[in-house]
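Student: Here it is, the structure, as C-alpha cells.
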Amino acid sequence: MDSSTDVSDYLGMLRRHWWVVLTLVLAGVGGAVLVTHVQPKVYKSATSVLVQPAGQDTNVVGGRTKGDINLDTEAQLVRSTAVAVGAAELLRAAPDELVHQVAVEVPANTAVLVVTFTAGDPQSAQAGSHAFAEAYLRNREESAKAELNAQITALNTKVKQLSRSLTQVNGRLADLSSSSPLRPNLESQRATMQNQLNSLSGKLNDLTTATVTGGKIISDARLPEAPIKPDPMLNLATGAMVGLLLGLGAALLRERLDRVVRAAADVTRRTRVPVLAELARGEEARLDGVLPAHGEGGRTFNRLRNEVVASLGPDDKVVVVAGASRGVASTLVAANLAAALARTGSDVVLVGAHLPDSVADAAPLASIFGVAPTPGLSDVLAGRVGLARAVQHAPRIPSLRVITNGGTASAAGLMQSQGLRDALDLLSARPGYVVIEAPATSSSADAQSLASLADAAIIAVELRRTRRPDVSDAAEQLRRVGTPLLGAVVVPRIAGVPPAPDPDPAPQRALSAAPTAVLELPADLTGEAVPAKEAAPVKEVVPVKEAIPAKEVVPAREGAPTGEATPAKEAAPAKEATTPKGRADLSSAGLSEVDLDASTAVIRLPPGLGPRR
C-alpha cells in the first residue's frame, strides 16, 4: 500500500476481508484447543528450606545474600550430583532424569531456598520436591559433620604433640637443680606449652560438644490440585493472537493483490483519474427508471451535469460515456446524465451505442425510459429503418429523446461506419446536447471510435466489478484519440438488468404521426422528372416499411399543395432503399435532409436504388 494510505483504508481492508481474519483467528483458537488437549499435563510442588549455618559456613565476597551463608551457592548445591543421587535413592529413580525436573528459587532478603519439582502426576511432584529438600539437608549435615571431624582430628594431633613436648620439658626441669641457669628458660617454655594445650583443649571440647544442623524444612511439599501445564487461557490467548497476526497478514496480502476498485478513492489514488461524482453506496442503482431528481442520486447527477456543462466549450455538444469494464454502468450514468441535462430544458438526445453483453442484458435504455426497444441505432445503421423512426420521446421527460440500442446482433462493425458519423453530425447540428452510451473500453474498440466523434468523455466505474488497470487503460484509450477526459463517475455494483418492456403497437415517437418516405425518383425510372419541393402527382408512393398502392395519396411536407394520385397500370411493390449488399449508406441516402420534427422524412435516393417498374 502506498504512502497515502490512511487509517480509513486499513479499516476498509478489515471490512472487506474480515472473514479471512476471523477464519484464521478461529483456526488459531482451534489449534490452541488441540494443543491443550494433546499436551501432557505437568504438576509442580514446592518445598521451602531454611538454611542454617553449619560448621565453618561463611559468606563469600561478592555474594548476593548477606549473612553467614551464600544462598546462591547453596541453590547450586541443591542441583548437584551428590544431592541428586541422594534424592534418587529416596525416589528410586535415575538421578540424571531428576536433575532436569528440579529447580531452586531464592527469595530476596531471606535465608530460604524454595525447591520445586515437576512431574506428570501430583504424587510424583510432591515426592520429588520433598526428596530433593531432604537429600540437600542430609548432604549439608554430612558435609558439616565431616568438616567438624576433620577439625577435631587436627586438634587432637596438636594436643598430643604439645603434650609430648610438655612432658619432655617437665623431665628436663626435674633433672636440673634449682640454681641451674637453664631452669628459667625451661619454665618459660613449659608455661607457653601449657597455655597452648589449654586453648586447644577448649576448642576440642567445643567441637566435640557442637550440634550439627544444616537447616530445616519450614514448608513441606503439598499435593498440587491442578497442573501448571497446559495453561488453557494462555494457550487460547496465544492461538488467538497468532491467528490474528496471520489474518492481518493474509488480509494485507489479498488487498495488495486485489485490483478491483473498492472505493472512489482507489480511482483517484491508483489511476490518477479525477472522480466527478460518486453515487452513494446506500443509493439503489436503478435500471428500471432514472433516479428521482430530488433524491440523493438525482442531486448527484445534477452536480455532475453542472460540472459537465462548465467543462464543455461553446460549440461542444457531444458527450460520450464509456464503461471501464463489462456491464451496464455506462448505461446508468448516461441515462441519468441525459435526464439531468434535459431537466434544465435543453434539448437532449440520448444515443444507445452500447450493445448488450448478453441476451439477459438486452434493451437497458428501453427499461429505464419505458420506450420500445426497437427500432434503434443498430437498425438505422443496418438500413432497416430511417433515423426519424428510431428517435423516441421519453414519456416523463419532454425534452429528452432516446435512440435505443436496437437489435442485439445487427450492428457488428457498424459503430465505426460513415453512417454513424453522419447520424451524429445530424444530431449534433441541432440545438442541445447529445449523450452517447458507449460500450466498455475493455471489451470493444467501439468506445474509442465513438469517443473520437465526441467533444468530451466520461468513464463509468462500477465498484467491486471494475479493475483498476481497466480504468487506467480506458483513460489512456480516450486520451489517444484526442478526446478530453472529464473524469470518472463511480457507481455501486449493479445486481442485474430488469426485463425490457413489451413493444407498444403504437409507441410514442418523436414524430407526431407515422413517418412516410417520399421517394424522389430519377427521370430514367419514371419517364418524367418531378421537382422535390413542388406538389405533383406521383407514380409510386412507398411508406417506410411496405408498398402502398399507387392510388393512395402520400402526405406532403407541411405548406406544400397536394394533388390527386395518378392511377398506374399496376401497383408494383416498392423495395426498401438498400445497397447491393443489403445495407443503406446513410451518407449517400440524403440523411442530412431528415427533419426529426416533421411527420414526413424525405430521403433523396441516388439513381439506380429506386423501385423498379
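Student: For region 416-494 and region 142-200, write down the distance between their C-alpha centroids in whole Å.
Tutor: About 126 Å separates the Cα centre of region 416-494 from the one of region 142-200.
Student: Go through region 166-173 residue by residue and turn each phi into a ³J(HN,Hα) via Karplus (6.51, -1.76, 1.60, θ = phi - 60°); whole Hz please, and just put x for glycine and proline.
Tutor: Result, ordered by residue: 5, 5, 5, 5, 5, x, 5, 5 Hz.
Student: Now for a different question. Where does each of 380-390, 323-333, 108-118 land if you order them by average Cβ count within 10 Å, highest first?
Tutor: On the way: 380-390: 23.1, 323-333: 27.3, 108-118: 17.9.
Output ranking for 380-390, 323-333, 108-118: 323-333, 380-390, 108-118.
Student: On the protein heavy atoms, probe 1.4 angstrom, tell me the percent of accessible surface of region 77-134 carried by carbon and sulfur.
Tutor: Summing carbon and sulfur atoms, their accessible area is 52 percent of the total for region 77-134.
Student: Further, regarding this structure: Place the peptides 451-461, 304-314, 177-187, 77-87 in order of packing, highest mean first, counting for every residue the other Cβ atoms within 10 Å and averaging per peptide.
Tutor: Going by the mean number of other Cβ atoms within 10 Å, highest first, we get 451-461, 77-87, 304-314, 177-187.
Student: Follow-up. With each label point set 7 Å from Cα along the Cα-Cβ vector, what nm distance links R303 and S452?
Tutor: Result for the modelled spin labels: 3.6 nm.
Student: Right, here's the next one. Starting at 0 and stepping by 5 Å, how many percent of the alpha carbon pairs of region 27-184 end up in each bin?
Tutor: 1, 8, 12, 13, 11, 9, 8, 6, 5, 5, 4, 4, 3, 3, 2, 1, 1, 1, 1, 1, 0, 0, 0
Student: Can you run phi through the Karplus equation (6.51, -1.76, 1.60; θ = phi - 60°) for region 238-245 and list ³J(HN,Hα) in whole Hz, with x for Gly and Pro?
Tutor: With coefficients 6.51, -1.76 and 1.60, one gets 5, x, 5, 5, 4, x, 5, 5 Hz.
Student: Could you list which residues have their amide H under 5 Å from that of V260, counting only those 5 or more apart in sequence or on another chain, with H placed in the peptide plane?
Tutor: R468
Student: Quick query: amide H of Y433 versus all other amide H atoms, modeled in the peptide plane; which residues come in under 5 Å with a sequence gap of 5 or more or a different chain?
Tutor: D347, V348, V349
Student: Continuing with this model, one more query. Going by average Cβ neighbours within 10 Å, how do the peptides 337-343, 468-474, 135-141 rank, with the highest at the top?
Tutor: Those peptides, ordered most packed to least, come out 337-343, 135-141, 468-474.
Student: Still on this structure: At 1.4 Å probe radius, can you tell me the per residue accessible area of region 113-214 in Å²?
Tutor: Heavy-atom SASA per residue in region 113-214 reads 57 Å².
Student: What length, rounded to one decimal in nm, is gained on full extension from S179 through to D425, with 0.36 nm per residue of separation minus their alpha-carbon distance?
Tutor: Extra length from S179 to D425 when fully extended: 72.2 nm.
Student: Within the accessible area of region 249-405, what % is carbon and sulfur when the probe is 1.4 Å and the other protein chains stay in place?
Tutor: Ligands and nucleic acids excluded, carbon and sulfur give 50 percent.
Student: Work out, step by step, the length gained on full extension between K160 and K41: first 0.36 nm times the residue separation, then minus their alpha carbon distance; give nm to one decimal.
Tutor: Working: separation 119, 0.36 × 119 = 42.84 nm, distance 6.32 nm.
Once the chain is fully extended between K160 and K41, it gains 36.5 nm.
Student: While we're on this one: Which ³J(HN,Hα) values, rounded to whole Hz and listed in residue order, are derived for region 382-392 from phi using the Karplus coefficients 6.51, -1.76 and 1.60 in 6.51 cos²θ - 1.76 cosθ + 1.60 with θ = phi - 60°, glycine and proline given as x?
Tutor: Those phi angles translate into 7, x, 7, 9, x, 4, 4, 6, 7, 7, 10 Hz.
Student: From zero outward in steps of 10 Å, how is the percent of C-alpha pairs of region 134-290 spread across the bins?
Tutor: 8, 14, 11, 9, 8, 7, 6, 7, 7, 7, 6, 5, 4, 2, 0, 0
The values are calculated or read from the model by the stated rules, or taken from the named source; none is laboratory data. These numbers come from a predicted model, not from an experiment. Here Cβ is always computed from backbone atoms with ideal geometry, including for glycine, and neighbour counts include all displayed protein chains. Each accessible area value is taken on the protein alone, full model and side chains, heavy atoms only, with ligands, DNA and RNA left out. Shrake-Rupley method; radii C 1.70, N 1.55, O 1.52, S 1.80 Å.
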